[in-house]
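Notes to accompany the following structure.
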Amino acid sequence: RQLQSILADNGLSLRDVVKENLYATDLDALIQHSGLRKPFYDGTLPAATWVQVERLFMPSYVLEVEVVAQYPE
């Protein structure tokens, strides 16, 4: 929801996302729950890179999401 808000503040939506980078502390768990992403992107998923990391900046976090969005022409 936070990403949706940031995108909206810039006149964009998740439909404008062309690249998604996910950093997870447990890649197997991420893969197991990957279907949860589809509703956010309205069924059309962007190009993606998923990376497993030992930990994130906040040790309690298990997932960090970075997206690249493109303004429509």
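Nothing in this text is a laboratory measurement; each read-out follows from the coordinates by a stated rule. Owing to the predicted nature of the structure, the values given are computational and were not obtained by experimental measurement. Quick reminder, even Gly has a Cβ in these numbers, built from the backbone with ideal geometry, and neighbours come from all protein chains shown.
Which FRET efficiency value, to the nearest 0.05, is calculated for MET58 and ASN10 with the Förster distance at 22 angstrom and r the Cβ-Cβ distance?
0.35
Computed 3J(HN,Hα) for the stretch 24-34, one whole-Hz value per residue from the Karplus formula 6.51 cos²θ - 1.76 cosθ + 1.60 where θ = phi - 60°, is 10, 7, 9, 5, 4, 5, 4, 4, 4, 10, 4, glycine and proline marked x.
For TRP50, nonlocal amide neighbours, meaning residues 5 or more places apart or on other chains whose placed amide H falls under 5 Å from its own, are LEU22.
The string of couplings for the stretch 47-57 from the Karplus curve (6.51, -1.76, 1.60, θ = phi - 60°) is 4, 9, 10, 10, 10, 8, 10, 5, 7, 9, 3 Hz, one whole number per residue in order, with x for Gly and Pro. Out of LEU27, LEU36, LEU12, any idea which swings most in a Gaussian network model of the chain, alpha carbons joined below 10 Å? Result for the chain, Cα springs under 10 Å: LEU36 fluctuates most. If the viscosity is 1.306 mPa s and the temperature 10 °C, what translational diffusion coefficient in µm²/s does Stokes-Einstein give for the chain when Rh comes from Kirkwood over Cα pairs? D = 122 µm²/s.
So what is the relative contact order for the chain, in percent, with contacts set as C-alpha pairs under 8 Å and at least six apart?
On the way: 94 pairs, mean separation 32.7, N = 73.
Relative CO of the chain lands at 45 percent.
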